[in-house]
Amino acid sequence: QVQLVESGGGSVQAGGSLRLSCARSGDTFGYYGMGWFRQAPGKEREFVAAITWSDGRLYYADSVRGRFTISRDNAKGTGYLQMNNLKPEDTAVYYCAVRNGAYYNRRESFGSWGQGTQVTVSS
């Protein structure tokens, strides 16, 4: 069973930066990569970014492309989400997850999730 723990969230002013971390333990056999999703109060959880481990392919939601960067440390088994030029609409709980399905941007393709970390961006 894969265990995931997010960290690095906090409160920042618009235009600021944060780096989220996703510590991973356990066997990742059968998983293709990892991704980040976010959920604001009263809204559905939405795709943010993903990476495929086999070829390093990166995917981003249109709303964050050019501002966010997803990466991983293969030796540590840790994933990262660097968030620059943050906007108030980025405010949400951010979740990391590992993918065992075909689609990088669908919740149903991710088999294990972390508990989430809060990101708050003020105007």
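Okay, here's what the table says:
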item	result
Directionally averaged projected area (convex hull, Cα atoms, the chain), nm²	7.0 nm²
Qualifying trypsin sites (Lys or Arg not before Pro) in segment 1-57, DSSP loop, other Cβ atoms within 10 Å at most 10	LYS43
Inter-label distance for SER122 and ARG45, nm, one decimal - labels placed 7 Å from Cα along Cα-to-Cβ	2.9 nm
Surface accessible to a 1.4 Å probe, per residue, for the residues of the chain, Å²	54 Å²
The chain - percent of accessible surface contributed by carbon and sulfur, probe 1.4 Å	43 percent
Rel. contact order, % - alpha carbon contacts under 8 angstrom, at least six apart, the chain	35 percent
Relative contact order (%) - criterion: Cα under 8 Å, at least six apart; region: segment 58-123	28 percent
Förster-model FRET efficiency, 22 Å R0, ARG65 and SER17, C-beta, rounded to 0.05	0.85
Inter-site label distance for ASN85 and ASN100 at 7 Å from Cα along Cβ, in nm	3.8 nm
Local electrostatic count at PRO41 - Lys and Arg +1, Asp and Glu -1, tallied over other residues with Cβ under 15 Å	-1
The chain - charge dipole about Cα centre, Lys and Arg +1 at Cβ, Asp and Glu -1, debye rounded to 20	100 debye
Dipole moment magnitude, nearest 20 debye, segment 52-120 about Cα centre, only Lys, Arg, Asp, Glu C-beta charged	80 debye
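The values are calculated or read from the model by the stated rules, or taken from the named source; none is laboratory data. The model shown is predicted, which means the values in this text are computed figures rather than measured ones. Note that we place each Cβ from the backbone using ideal geometry, even for glycine, and neighbour counts take in every protein chain shown. Heads up: the accessible areas ignore ligands, DNA and RNA and are worked out on the full protein's heavy atoms, side chains in. Shrake-Rupley method; radii C 1.70, N 1.55, O 1.52, S 1.80 Å.
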